[in-house]
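Have a look at the structure below, then the notes.
Since every read-out is calculated from the coordinates, none of them should be taken as a lab result. These numbers come from a predicted model, not from an experiment. Please note: Cβ atoms are built from the backbone with ideal geometry, for glycine as well, and neighbour counts cover all protein chains shown.
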Amino acid sequence: MTRKSTPRRLTRRHVLAASAAATGAAFVTPVQAAPPEAQKITPALIEAAKKEGKLAWYTSVDLPVAEKIAKAFEAAYPGISMKVERSGAERIFQRIGQEYQSKIYNCDVVNSSDAAHLIVWKRGGMLAPFVPEDVARYFPAAHKDPDGMYASWRITLSPIAYNTKLVKPEDAPKGFIDLLDPKWVGKIVKAHPGYSGTIMTATQQLSRDLGWEYFEKLAKQKVMQVQSAADPPKKLALGERAVMADGTEYVVTTLKARGEPIAEVYAVEGTPLITGPSAIMARAANPNAARLFTAWSMTAEAQQMNVDVGALRSAHPLVKERPGRPKLADIKTLREDAAAVADQADAIKTRYTQLFKV
Amino acid sequence: MMRAFDASRPVLIAVAALLVVMIVLPVGWLVVYSLSDKDGGATLGNFTTLFTDPTFVDPLITTLIIAVSVSLLCCAIAAPLGWLVARTDMPFAKSVRTLVMASLVTPPFVGAIAWEMLAAPNSGLLNQLWRVLTGMPADEALLDIYSLEGLIFVIACYTFPYVFILVANALDRMPGELEDASSMLGAKTWDTARRITVPLALPTLLAGALVAFLQALNLFGSPAILAIPAGFHTLTTRIWSLFQFPPKPELAAAASLPLLILTVLLLRAQAMALGRRGYAVLGGKYGEPRLIRLGALKWPAVGLALVVLAMPLFLPYAALFNSAFSRVASRIISVETATLHNFRFTFLELSSTMPALKNTFLLAVSSATVGALLALLIAYIVARQAVAGHRVLGFLATAPLAIPGIVLGVGLFLAYTRPPLTLYGTLWILLIAFVTIELPAAYQQLSSAFHAVHPELEEAGRMLGATRLRTLADITAPLLRSAVIATWCFIFVAVIRELSAAVILFTSDTKVLSVLIFDLKESGDVGAIAVLSLVMVGITTVVVAAANRLGGARNAGRLHARAVG
């Protein structure tokens, strides 16, 4: 079963359920004539946002990072309280779908580490167009939707990493194929594509470039299976496993900066690249607060904070990379293909479950 | 006979309608869905998948292995411990009994998380300790909690108290005369135990084994935390996984039915087992059972009890405290390294903490209140045979016992995500779920309490012209006060720790503490989990202690004695 058929069924229901949605029958022809004009943060917008006074942000970014960003926004615009709903991107996707079917419009702004979700939501007419000034002026075309529905709020990688107390640097795997060595049996931790958008995206890229044989062999290494891409680095810090086969880069960087015994490896085969776009929901209950947050979150200052505090990477060209960390351009990355993920996600999950049994 | 308007018929109809909403509708939809394909056509395909697809057959077999093992393990622990506490002069027997009961306050999924901290193969505190003591190499492990054995052990830790309570209570009540007769006829102490005590206790033990089996069969939290990292599913986690995208409610419904049917059958078996025991020991007033002198074995017995209690209680709470005050849960804290970071994060940064606490508290109080009142009403109607059709109410009130939490969650989800009653996304659906799940136990508690109150008192009230409801309010209810408070507490505790139905039914606005902890677990935020778990157990303990004081132990004791006598 491909994802094509099911989300259609689902999104059609969403649209029916949300029959009063401003977009109306837009799902048939979701593409609008021209992208909407870029929006500045105006006093009027701030005023309208403060009148709403609250905002719900569904995101898959690691919880401590998400809460820090929420606190920074609340500090920048006192009077607006932010609720963070954090879960794995695949869970968020399912949750929003389920809520929309029941006509529950809790989510104002959504951020997913599976860029394919944005494609599906856009197709379903579930997003509201909004182009923050910084996105219009600075973001490269690859990191924004031509119709102004979403833009890359964050970028991350899914590197290999190891616990430096348990593994010497010279013994560490250099790439994904090295993980298939018998010496790693029972020592690997990895996250799940049915939960994490980062891992879903990475699995699509790795299965395309290395073939499913890689996963077939990896599944025989007695892998410890966790859910979130943020968890494998934490399991390394605990000393629970020696190596992670996948997981999110920014948590590795953060733990390393805190002095935990952990180091990343950018695989010789290339490291999966994951963009995490953000969008405003068409049925947002707090549309102005949603616009204000989105506009703020794309500014150079907020994006710089993503990098400095969250160790995320940014599509904003004015943002400086963390000192001592290689620039994105200097790392060999695998090509991201959100449209392919949108088509293959179900097949990937099914195949993955057959191999790893969970 | 004409008299003041008696509200009993409308009440009966209202209660019956409520029970339909709570039980019949969800189970009905479950059956309908299990027989439908994706587009709503009739099919048996879901069941074919269920019994042929290895991704369903394997979890089914695993679940049965777990349930049988847990059941045996629980009996092996609970029977000797229950006997020591009830029938011997073991020191501190009363404290041991209280502590075993106290371990029931721990939600099983919190216990599983704590055991991860203790016995994860590499980072587990016990494994680290063992390495230090024996010099075992770093990549070997004494204990591996991420395994079938580990899961069975952890489930047994939080299930054996149920068996223990049954066994200890049965042994308390066992007539001393039979044992006296045996020893008068010249049998030695151990012969008496073997030939009188054990056979008399056997039906209870069998019933306990079934309770443990059912618990293990239907548990969601512990398997979700331990089985998935180990690379296997149980039936409950598999059902839950069907709600990931793309959701397959038809398969989830089909997979729920074996749990439902098995539970119904086992409950029948349990009723038969307990029925036989009733034959043996009911009737007449017996003397206090004679305590067996342990002599030199006294202190080893206390030691054994302490070792048993370490598993659900001492060790897990030590691990939770350590983790709550530490940056990295796998390191033992000292005065220098202890940090309040996790508390700061949980209460000052984590924006879901306060809403979840509020929702949980609101739901626990309202479910306990509604549940206790509803159970009281039904128990009254049934006990006094107040209206025709009372038997149906009794049956409906007990029926949810046969519905596992996750199955009820699925059923309610299917029933109330559609008009006319779209309750999904509100706290109401959780309220319905919690009241339904706890109703059978509440009803049983209160109906046994009713048997202790003489109907004459009510009849006097009615003769003086009061309506039935007024008699109930003015005469019966005050007499049942302590039983009602005990029931209220029981539901309150159960709601706070409920995860399996909540995990299917919550939305971001209706998140409860147990679901928040579960969410945090998935991203590995162990410190916040430890803090929240301790808060959860703290609240529960305080409420139970306060309610016990309010209820008055003297009163409760008398009622208990009468209900039992």
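Below, the figures for the structure above:
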quantity	calculated
Label-point gap, in nm, between residue B:184 and residue B:293 - each point 7 angstrom along Cα→Cβ	2.1 nm
Spin-label pair residue B:395/residue A:34, simplified geometry with 7 Å Cα→Cβ offset, distance in nm	7.2 nm
Top of A:182, A:169, A:323 by mean-square fluctuation, Gaussian network on chain A, Cα under 10 Å	A:323
Fewest-first sequence of B:504, A:41 by Cβ atoms within 10 Å of each Cβ	A:41, B:504
Evaluated over chain B, the Cα radius of gyration and Dmax, each in Å	24.8, 87
Segment B:33-109-segment A:214-283 distance, computed between alpha-carbon centres (Å)	34 Å
Ascending count of other beta-carbon atoms within 10 Å, so fewest first, for B:448, B:123, B:323, B:69	B:448, B:69, B:123, B:323
13 Å cut-off, amide nitrogen to a point 7 angstrom out along residue A:133 Cα→Cβ, residues in segment A:154-168	none
Separation of alpha-carbon centers, segment B:355-396 and segment B:234-268, rounded to whole Å	26 Å
FRET efficiency, residue A:213 to residue A:335 (Cβ-Cβ, R0 30 Å, nearest 0.05)	0.90
Compactness relative to 2.2 N^0.38 Å, alpha carbon Rg of the protein assembly as shown	1.00
FRET efficiency for residue B:17 and residue B:37, using Cβ-Cβ distance with R0 set to 41 Å, rounded to 0.05	0.80
Simple Cβ-charge dipole of segment B:125-280, Lys/Arg +1 and Asp/Glu -1, about Cα centre, in debye nearest 20	400 debye
Segment A:118-192 - Kirkwood radius from inverse mean 1/r over Cα pairs (Å)	16.3 Å
Additional length obtainable on full extension of the chain from residue B:149 to residue B:388, 0.36 nm per residue less Cα span	80.9 nm
Chain A - mean residue ellipticity at 222 nm from DSSP helices (-39,500 (n - 2.57) per run, n ≥ 4, rounded to 500)	-12000 deg cm²/dmol
Taking chain B and dividing mean pair separation by its residue count, relative contact order in percent (alpha carbons under 8 Å, at least six apart)	20 percent
Exceeding the 22 Å Cα-Cα cut-off - candidates A:54/A:122; A:83/A:144; A:187/A:220; A:256/A:320; A:71/A:103; A:187/A:217	A:54/A:122; A:83/A:144; A:71/A:103
Estimated distance in nm for a label pair at residue B:268 and residue A:183, the labels positioned 7 Å out from Cα along Cα-to-Cβ	6.0 nm
Max mean-square fluctuation residue, GNM over chain A, Cα-Cα springs under 10 Å, options A:290, A:257, A:345	A:257
Two-site FRET efficiency, residue B:48 against residue A:322, from Cβ-Cβ distance with R₀ of 60 Å, rounded to 0.05	0.65
Sparsely packed trypsin sites (Lys or Arg not before Pro) within segment A:165-221, loop by DSSP, other Cβ within 10 Å at most 16	A:165, A:174
Value at 222 nm in deg cm²/dmol, rounded to 500, when DSSP H runs of n ≥ 4 in chain B each add -39,500 (n - 2.57)	-22000 deg cm²/dmol
Over chain A, relative contact order from alpha-carbon pairs under 8 Å, at least 6 apart, %	26 percent
Residue order, fewest to most surrounding Cβ atoms within 10 angstrom, among B:509, A:114	B:509, A:114
Most positive-pole-ward Cα, B:299, B:25, B:181, against dipole of chain B from beta carbon charges	B:181
Fully extended contour minus Cα-Cα distance, from residue B:358 to residue B:451, at 0.36 nm per residue	29.8 nm
When chain A is reduced to its Cα atoms, the Kirkwood hydrodynamic radius in Å	20.7 Å
Segment B:53-317 - Rg over Rh from alpha carbon coordinates, Kirkwood radius	1.04
Cα-centre dipole for chain A with unit charges at Cβ (Lys and Arg positive, Asp and Glu negative), debye to 20	720 debye
For segment A:144-175 and segment B:113-179, distance of Cα centres in Å	38 Å
